[in-house]
Every structure is written in structure tokens, then in C-alpha cells.
1. Only one of (1) of a type outside the set (Phe, Trp, Tyr); (2) touching a residue at least 12 places away in the same chain (Cβ under 8 Å); (3) open to solvent by less than 60 Å² (accessible area, probe 1.4 Å) fails for Ser227. Which number is that?
2. When you scan the range 96-110, how many residues do you find that are surrounded by 13 or more Cβ atoms within 10 Å (Cβ to Cβ) and either in contact with a strand residue (DSSP E or B) (Cβ under 9 Å, 6 or more places away or on another chain) or without any contact (Cβ under 8 Å) to a residue 24 or more places away in the chain (or both)?
3. Enumerate the helices (runs of 4 or more DSSP H) found wholly within the range 294-369, keeping only those where 3 or more residues are over 23 Å from Phe110 (Cβ atoms) and open to solvent by 30 Å² or more (accessible area, probe 1.4 Å).
4. Can you tell me which residue within the range 171-221, out of those that are of a type in the set (Ser, Thr, Tyr) and surrounded by fewer than 16 Cβ atoms within 10 Å (Cβ to Cβ), is nearest to Val131 (Cα to Cα)?
5. Among residues belonging to the range 111-159 that are hydroxyl-bearing (Ser, Thr, Tyr) and not in a loop (DSSP other than H, G, I, E, B), point out the one that is most open to solvent (accessible area, probe 1.4 Å).
6. If you check Thr171, Thr164, which single one turns out to be closer than 19 Å to Ile258 by Cβ, at pLDDT 95 or above and among the polar types (S, T, N, Q)?
7. Anything in the range 46-95 that is at positive phi and open to solvent by 30 Å² or more (accessible area, probe 1.4 Å)? List them, or say none.
8. Scan the range 195-205 for residues that are hydrophobic (A, V, I, L, M, F, W, C), touching a residue at least 24 places away in the same chain (Cβ under 8 Å) and more than 13 Å from Ser125 (Cβ to Cβ) and report the count.
Amino acid sequence: MLAKQNSNSISGRLLSLDFLRGFIMVLLAIESTGLYDYLNEHSKGEPFNHFIIQFTHHPWHGLHFWDLVQPAFMFMAGVAMAFSLNKQWTSGVTWNQSFKKILKRCGWLFFWGVLDYAVRPKGLSFELWDVLTQLSFTTLVAFLIFRWSNMAQIGVCIGLLLLTEILYRFTNVPGFNLPFTDQHNFGNYIDTILMNKINKGGWVAINCIPTAVHTIAGALVGKLLLSNKDKLKYLLLWALICLVVGYGLDGLGITPIIKRIATTSFTIVSLGWCLLFLSLSYWWIDVKDHRKHLTFFTIVGMNSLFIYLFFEIVGDRWFTAYIYSISNGVLSWVNAGELLKVLVGATCVFGLEWLMCYFLYRKKIFFKL
């Protein structure tokens with residue numbers, strides 16, 4: 001899980017990918033401090049709330065910026081897989097050897113994803129809603145079809161989306177036969193089988209079926225970036241197609257955009273945004289060579305697994321509350337207001353987490369699966 005790399009191997013990375021991954025992890029780390037929730041709760045009815053609400057998940061039918069974070073995470077995993085497999089196979093690694101590495105990686109992803117939700121105040125819990133658990137499935141699917149033709153892989157993506165539509169619309173399980181209704185859809189039914197419970201927030205484990213499209217598409221994009229084709233033209237074209245199709249399905253009343261059950265319209269439109277974000281990042285950083293001032297994000301992006309597990313497991317259960325207790329105690333000496341306490345506490349928590357990544361970066365230590 002831990003690798004030490006030399007400077008040459010680091011400099012050969014796709015910097016735009018590290019930047020995007022780091023940008024997302026920075027946003028997630030800030031979320032873990034509780035800052036977004038506090039600002040959202042205390043800005044109700046104010047113009048600022050229209051902005052800060054974008055850093056929360058949409059309650060059901062609709063799309064916020066925050067709903068794009070998990071798709072981007074899974075999409076970039078696919079892009080990184082393409083670069084990794086290309087490096088392996090050009091250095092003589094066989095498909096079977098790569099398959100064993102992927103199985104091991106997926107096993108660890110599943111383990112950490114389950115562990116993230118396992119420890120609860122009332123005891124141990126088995127849940128399959130974490131992004132790492134879902135990524136363990138989508139990564140394996142993307143690898144198994146990686147050598148297929150582009151059209152064949154696109155066909156698989158279409159098949160996965162059609163399967164999702166069929167499962168939600170035509171299974172007709174009593175009590176779970178309302179395709180796009182919270183707590184009464186097919187995804188909820190499967191959760192009662194897998195975990196004997198339903199997520200109160202509406203999340204479902206079989207999101208891994210449609211969102212496998214994100215990782216497969218990421219792998220296809222990774223291969224495109226490694227080719228001699230006109231990369232930006234294809235990226236922007238597919239981004240436009242996905243955005244038009246995704247919003248079209250929702251606007252025409254065919255399939256609503258619902259992130260919590262990863263409807264086909266959501267999967268497609270979120271993929272369009274991921275393609276657009278990567279296009280802009282790739283053009284600005286790798287084509288135009290604007291690489292200054294990116295280190296703040298790339299430091300986190302190069303150890304995304306470490307920082308994610310840290311603030312999800314350690315931070316959520318101990319670290320964040322401990323730092324807040326210290327900062328709130330100090331600020332209480334000067335009768336600081338609640339907003340200042342939250343801002344200072346969040347800054348301290350995030351700053352310490354970033355410094356951990358910086359320490360690992362300076363030591364050239366990178367956590368991998």
C-alpha cells in the first residue's frame with residue numbers, strides 16, 4: 001500500500017489529473033470539518049445560501065455541484081488506471097499479473113470502504129454505500145473490458161445504463177415498485193437483501209452498476225490522452241453529447257436526474273461535467289503549461305487515498321473534534337463568536353491534514369493499493 005518514488009517518476013505524471021484529484025480531495029477535506037454544513041444552516045434565506053448550497057447533495061431530484069464529486073472520483077480512477085496499465089504493459093508485465101494486482105486493489109478498496117462505515121456508536125455495522133466499496137466493483141469491470149475496442153466498451157456502458165432502467169422500472173417488487181421514489185425503489189429493495197436495511201438518505205448499493213460507466217469512460221479517456229489523436233476535440237465533443245443527453249432525459253420527463261440512486265440521466269450528465277472539467281484542466285495545465293501555484297492541490301492529489309481514509313475514519317471519529325476543542329477553548333478566552341470559532345477550527349483541521357500530505361510528499365511516500 002505504500003510506495004516510495006523518485007523525482008523522475010513523479011515528474012512523469014499527468015499533472016492535470018493530480019490537480020483535479022487534489023482539488024476534489026481538498027473540497028472533501030474541508031467538508032469533513034463541518035464548515036459547509038454550518039454555513040448552509042446559518043445562511044438560510046440569504047443570497048449567499050444559493051452558493052453554499054452547491055456544496056451539499058441535492059435532496060432528491062436535481063443536481064448540485066457536490067453531486068459531481070463522487071462521479072469525478074470514479075472517473076479519474078479510470079483515467080489513472082489507463083496510465084498505470086500502459087506503464088505496466090510497456091515494461092513487460094503480463095495481463096495475468098495486472099489482473100492479480102487489480103484483484104488485490106479491489107479487495108483493499110472493498111475492505112476500506114466497508115471499514116469506513118463499520119464502526120458505529122452502537123456497535124459494528126455492515127454497509128456498502130461508501131465510494132471505495134463502489135469503486136472496487138467499477139474498477140474490476142473497467143479492467144476486464146479494458147482491451148476491448150472503444151465501441152465495445154461504449155456498448156457495455158449503454159448496456160449498464162439500460163440494465164439500470166430495467167431494474168428500476170420493470171421489477172415490480174411489492175413496496176419497492178416506484179422507480180424514482182425515495183425508500184420505495186428497487187435499489188432500496190436490494191439493500192434489504194444485502195444489508196437488511198435501507199439508507200435513510202436514499203443512497204443505494206447498486207449505484208455501482210450505472211456508475212461503472214464513469215470508471216470505464218475514465219479508462220477510455222486515459223487511452224485517448226496516451227494517443228496521438230486530437231484529444232481536446234474528442235473530450236469536448238463527448239462532454240457536449242453527454243450533457244445534452246443527460247439534461248434532455250430529465251427535461252423531457254423520461255428519467256429524472258437523481259444522484260442518490262444514480263439514475264441514467266444523472267450518470268450521463270455527471271460524466272459530461274467530468275469530461276468538461278478534465279478538458280479544461282488538461283488544456284490549461286498540460287497543453288498551455290500553466291503549472292505554477294498548483295502544488296497546493298497536487299500534494300493532496302498524489303496521496304488522495306491516505307487523506308480520504310484519514311478524514312473519514314480518524315478525523316470523523318476523533319481528530320476533528322479534538323482540534324475544535326482546542327481552538328474553541330483558546331478563542332473562548334477572547335469571547336469569539338460562533339462563526340469565528342468554526343472558521344478557525346475548520347482552518348486548523350484542514351491545515352494539519354494538508355501538512356500531513358506535505359510531509360509525505362517531501363519524503364516521496366505515496367499510499368497506493
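The values are calculated or read from the model by the stated rules, or taken from the named source; none is laboratory data. Since this is a predicted model, take the numbers as computed values, not measurements. Cβ atoms come from the backbone with ideal geometry, glycine included; neighbour counts cover every protein chain shown. The area values use the complete protein model at the heavy-atom level, side chains included, leaving out ligands, DNA and RNA. Shrake-Rupley method; radii C 1.70, N 1.55, O 1.52, S 1.80 Å.
1. (2)
2. Here the count works out to 1.
3. Those helices (runs of 4 or more DSSP H) span 295-301, 320-332, 338-362.
4. Our first condition is that a residue be of a type in the set (Ser, Thr, Tyr); within the range 171-221, this holds for 171, 181, 189, 192, 211, 215.
Next, only the ones that are surrounded by fewer than 16 Cβ atoms within 10 Å (Cβ to Cβ) stay: 171, 181, 192.
Working: Thr171: 26, Thr181: 22, Thr192: 19 Å.
If we take residues in the range 171-221 being of a type in the set (Ser, Thr, Tyr) and surrounded by fewer than 16 Cβ atoms within 10 Å (Cβ to Cβ), then Thr192 is nearest to Val131 (Cα to Cα).
5. Tyr117
6. Only one candidate passes the filter, namely Thr164.
7. Gly92
8. 3
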